[in-house]
Amino acid sequence: LGIETLTPIAPIQQRIQRWRDLAGKSIDLLMGDINNYSFLIHSLRQFQPDSIVHFGEQRSAPFSMIDREHAVLTQSNNVMGNLNILYAMREEFPDAHLVKLGTMGEYGTPDIDIEEGYITIEHNGRKDTVPYPKQPGSFYHLSKVHDSHNIHFACKIWGLRATD
């Protein structure tokens, strides 16, 4: 994103070399964009993953709120990239387990306890358990809500496995 971090982060090649020095093992690195489905599926085919840890998102609420361009970049990168991963899993890696970084920011700051995904509600004499209402406070957090819904839906209709 062309930003400076609050704490220094070494370049990726230096971090990979440090891992190699400490662990005696190598980490393969493929640089690309998860919104480029051809790159994504090619990369996954190379690895044949049993699990996929998805950290490929723009992860800054303030960045997402700067202006229209930043909001659009955040939404398109995060939501479409996540959908690409879900489709790749459905098409070629249905037994892989997705591990997705979530955020409590999806829920906002309600004045009640935040339930773990679902809440039981009684209304007009009827009772049901429904997904906990989400109240994001930025376009970034809204993209995470979309991700969670897309993951939940993909697991339900395609039988995928995910931890969000």
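The values are calculated or read from the model by the stated rules, or taken from the named source; none is laboratory data. Please read these numbers as outputs of a predicted model, since none were measured by experiment. We place every Cβ from the backbone using ideal geometry, glycine too, and count neighbours over all the protein chains shown. In case anyone asks, the SASA skips ligands and DNA or RNA and just uses the protein heavy atoms, side chains included. Shrake-Rupley method; radii C 1.70, N 1.55, O 1.52, S 1.80 Å.
Filter the stretch 52-81 for residues that are open to solvent by 80 Å² or more (accessible area, probe 1.4 Å) and under 15 Å from D147 (Cβ atoms); which is modelled with the highest pLDDT? In this case the residue turns out to be M80. For G105, the conditions (1) touching a His at 6+ places or on another chain (Cβ under 8 Å); (2) modelled with pLDDT of 90 or more all hold with the exception of (2). Among the conditions (1) surrounded by fewer than 17 Cβ atoms within 10 Å (Cβ to Cβ); (2) closer than 30 Å to G137 by Cβ; (3) in contact (Cβ under 8 Å) with a residue 60 or more places away in the chain, the only one that R90 does not satisfy is (2). Every condition in (1) within 13 Å of the chain's Cα centre (by Cα); (2) crowded, with 16+ Cβ neighbours inside 10 Å; (3) not charged (D, E, K, R) holds for V99 except the one numbered (2). Against the condition under 28 Å from D50 (Cα atoms) and in contact (Cβ under 8 Å) with a residue 24 or more places away in the chain, how does I157 come out, does it pass? In short, no. Would you tally the residues in the stretch 111-130 being within 24 Å of E57 (Cβ to Cβ) and open to solvent by less than 80 Å² (accessible area, probe 1.4 Å)? Number of matching residues: 2. The residue pairs whose first member lies in the stretch 100-113 and is touching a residue at least 12 places away in the same chain (Cβ under 8 Å) and closer than 19 Å to I85 by Cα, whose second member is open to solvent by less than 100 Å² (accessible area, probe 1.4 Å) and in a loop (DSSP other than H, G, I, E, B), and whose beta carbons are closer than 7 Å, counting only pairs six or more residues apart or on different chains, are K100/D164; G102/D164. Number of residues in the stretch 12-51 that are among the polar types (S, T, N, Q) and exposed (fewer than 12 other Cβ atoms within 10 Å of the Cβ) equals 6.
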